[in-house]
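In what follows, a structure is listed as structure tokens, so that the remarks can point back to it.
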Amino acid sequence: MRVTPARKQLSTDIIPEMTVTLEELDSANSVIMNDSLITLANGISFVNVWTTMDIQPEHTYRLVAKRPDGATSSVIVTIPPPFPMPVVEYQWNDCRARLTVQDVQRLADVQWIWYYKINSSGNNTEKTFRLSRRKSADSLGPGRYSALIRPLKRDPAIVLSEGEVVEHRKTIFVAAGGPEWDDDIETLSDIEYTLQKTGSNIKNWVGYLIDIFSRRPLYQCDE
């Protein structure tokens, strides 16, 4: 489990100290989460907390953040149930494919993840593009969704540097949200959420904690 607080401009000398504890309410197991400071290329910094604790579907967890002065913030979420591996069908004689998702009550995200390694004058550059397709997924009835994969059509968001593509991979990411999921969140790739209707599901501090169950079906096609 990884939790990223709302993004803000921070410097390493003003980040408040805090202890983040994850409690499994079904078993009373708990763990103090690790934390690390991450700084993006644009200068934005944020604290990422994480743990290797085994997160179980349909279990309920409480996340508690505590400052040295005793002030606390907490949130309770329930992990959604597992769903079958989505099916990828190649219905045409090219790399287009149909993705079908079943038994998902709340579709949190569908992403095409395109990875490229480009050699330019002897230097390798790696780029990964995560393209959210949840808004374009069609509902086929309760718990069933379908989306069309069109890798032959270059997305405007994919901008490659000059050079030779020496390695590329394409994967699919499908996530279901738990009872706390809010449809106003457009994509899980964002690290900052501004929700018009639901300002926060966290007690005392500002933010939004999302619980998901995800699958990564195989996509194999040589362009």
- Positions within segment 102-124 being touching a Lys or Arg at 6+ places or on another chain (Cβ under 7 Å), among the polar types (S, T, N, Q) and assigned to a strand (DSSP E or B), in sequence order: 111, 124
- Message: Can you go through 188, 160 and tell me which one is in contact (Cβ under 8 Å) with a residue 40 or more places away in the chain, farther than 30 Å from residue 123 by Cα, of a type in the set (A, V, I, L, M) and open to solvent by 20 Å² or more (accessible area, probe 1.4 Å)?
- Response: 188
- Item | Unmet criterion (only one of (1) aromatic (Phe, Trp, Tyr); (2) in a loop (DSSP other than H, G, I, E, B); (3) modelled with pLDDT of 75 or more) for residue 213 | (2)
- Residue satisfying condition, being open to solvent by 60 Å² or more (accessible area, probe 1.4 Å) and within 15 Å of residue 33 (Cβ to Cβ), within set 103, 69, 54: 54
- Residues in segment 140-151: is at least one touching a Pro at 6+ places or on another chain (Cβ under 9 Å), assigned to a loop (DSSP other than H, G, I, E, B), at pLDDT 85 or above and of a type outside the set (S, T, N, Q)? no
- Within segment 57-66, restricting attention to residues that are of a type outside the set (Phe, Trp, Tyr) and part of a strand (DSSP E or B), which residue is surrounded by the most Cβ atoms within 10 Å (Cβ to Cβ)? 65
- Query: Among the residues of segment 111-134, is any closer than 24 Å to residue 93 by Cβ and out of contact with any strand residue (DSSP E or B) (no Cβ under 7 Å at 6 or more places or on another chain)?
  - Reply: no
- Task: Filter segment 77-95 down to residues that are in a loop (DSSP other than H, G, I, E, B), under 13 Å from residue 219 (Cα atoms), open to solvent by less than 40 Å² (accessible area, probe 1.4 Å) and modelled with pLDDT of 90 or more, then give me how many there are.
- Result: 1
- Task: Could you please let me know if residue 98 is charged (D, E, K, R), open to solvent by 40 Å² or more (accessible area, probe 1.4 Å), in contact (Cβ under 8 Å) with a residue 24 or more places away in the chain and more than 22 Å from residue 171 (Cβ to Cβ)?
- Result: no
- Condition broken by residue 41, with the remaining ones in (1) closer than 19 Å to residue 202 by Cα; (2) open to solvent by 70 Å² or more (accessible area, probe 1.4 Å) satisfied: (1)
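The values are calculated or read from the model by the stated rules, or taken from the named source; none is laboratory data. On a predicted model such as this, the values are computed, not experimentally measured, just so you know. Please note: Cβ atoms are built from the backbone with ideal geometry, for glycine as well, and neighbour counts cover all protein chains shown. Quick note on the areas: whole protein, heavy atoms, side chains included, nothing else; ligands and nucleic acids left out. Shrake-Rupley method; radii C 1.70, N 1.55, O 1.52, S 1.80 Å.
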